Amino acid sequence: MKIKDQRDVHWLVADYLAGDKNAFTEIYYRYKMSIISNLSKMLPSVEDAKDVLQDVMLKLSIYIEAKRFDVTKATFSTIVINVARNSAIDFLRIKDAKKRRITNSIYGSSMEIPDDRTATLNDVLIDFDTITMSLPKQHRKILRLTVLQQMTNAEIAEELKIPLGTVKTSIRLARMNIKQQLIKEPT
C-alpha cells in the first residue's frame with residue numbers, strides 16, 4: 001500500500017484526534033482503493049470487499065481514537081493492512097460458519113445456535129429460505145418441516161396427507177439439489 005507521504009497521514013491522525021472529522025474522511029479516501037484492492041484478492045467478490053472496507057474504516061477510527069497508533073512501532077499503512085487482513089479473515093470465518101450451519105441442518109445434524117460473533121438465528125433462517133428458494137414448493141415445505149420443525153417423515157406424511165415414500169423422496173431430492181447449489185457457490 002503506497003501512500004505519497006506517511007508524514008501527511010500522521011498529521012491527519014493528529015487532526016482527527018483534535019476533533020477534525022474531515023481528517024478521517026481524507027484518510028478514508030487516501031486508503032479506500034488500496035484497501036479494496038487488497039481485500040479483493042482475499043474475498044470472493046468486490047461487493048464483499050466494499051462491505052469489509054466499511055468494517056476496516058470503523059476499526060481504524062476506533063484504533064485511532066484509542067490513541068493506539070504509535071509511529072515508532074509501525075507505519076499507518078502497516079496498521080491499515082493488518083486491520084484489513086484481519087477483517088477479511090473474520091468475514092470469511094463468519095460466512096463459512098453460516099454455510100456450515102445450513103449444511104448441517106439440511107443433512108440432519110442438530111442446528112447450532114450461533115453466538116454473538118457470527119450470526120443470529122434469524123440470519124440462519126433467512127439463509128435457509130434463500131437456499132431453498134429454488135426448490136419446488138412441496139420439497140421446500142417438506143424440508144422446512146423436517147429441518148426447522150424437527151418432524152419425522154411419518155408425521156409429515158400424516159400432516160400433509162401424502163404417502164410416506166413421497167416424503168422420503170422429496171427430502172432426498174431437496175437435499176441433493178441444495179448440495180449441488182452449495183458446491184456451485186464459490187464461497
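The values are calculated or read from the model by the stated rules, or taken from the named source; none is laboratory data. Not measured: the values here are computed from a predicted model. FYI the Cβ positions are ideal-geometry reconstructions off the backbone, even for glycines, and counts take in every protein chain you see. Areas reflect the complete protein model, heavy atoms only, side chains present, ligands, DNA and RNA absent. Shrake-Rupley method; radii C 1.70, N 1.55, O 1.52, S 1.80 Å.
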| request: Please turn the phi angles of segment 83-96 into ³J(HN,Hα) values with the Karplus equation 6.51 cos²θ - 1.76 cosθ + 1.60 (θ = phi - 60°), one per residue in order, whole Hz, x for glycine and proline. | output: 5, 5, 4, 5, 5, 5, 4, 4, 4, 5, 5, 4, 4, 5
| field | Using θ = phi - 60° and Karplus 6.51 cos²θ - 1.76 cosθ + 1.60, couplings along segment 21-26 (whole Hz; Gly, Pro as x) | value | 5, 5, 5, 5, 4, 5
| message | List the pairs from Lys137/Lys179; Lys50/Lys95; Lys50/Lys137; Lys137/Lys168 whose alpha-carbon separation is above 24 Å, in the order I gave them. | response | Lys50/Lys137
| What's log10 of I(q)/I(0) for segment 37-88 at q = 0.31 Å⁻¹, Debye sum over Cα points only, no solvent? | -1.18
| message | Take Arg68 and Arg172, extend 7 Å from each Cα along the Cα→Cβ direction, and tell me the distance between the two endpoints in nm. | response | 5.4 nm
| said: Can you compute the FRET efficiency between Met33 and Leu182 using 1/(1 + (r/R0)^6), with r the Cβ-Cβ distance and R0 = 41 Å? Round to the nearest 0.05. | reply: 0.80
| task | Heavy atoms only, probe 1.4 angstrom, no DNA, RNA or ligands counted: give me Glu159, Glu26 ranked by accessible area, highest first. | result | Glu159, Glu26
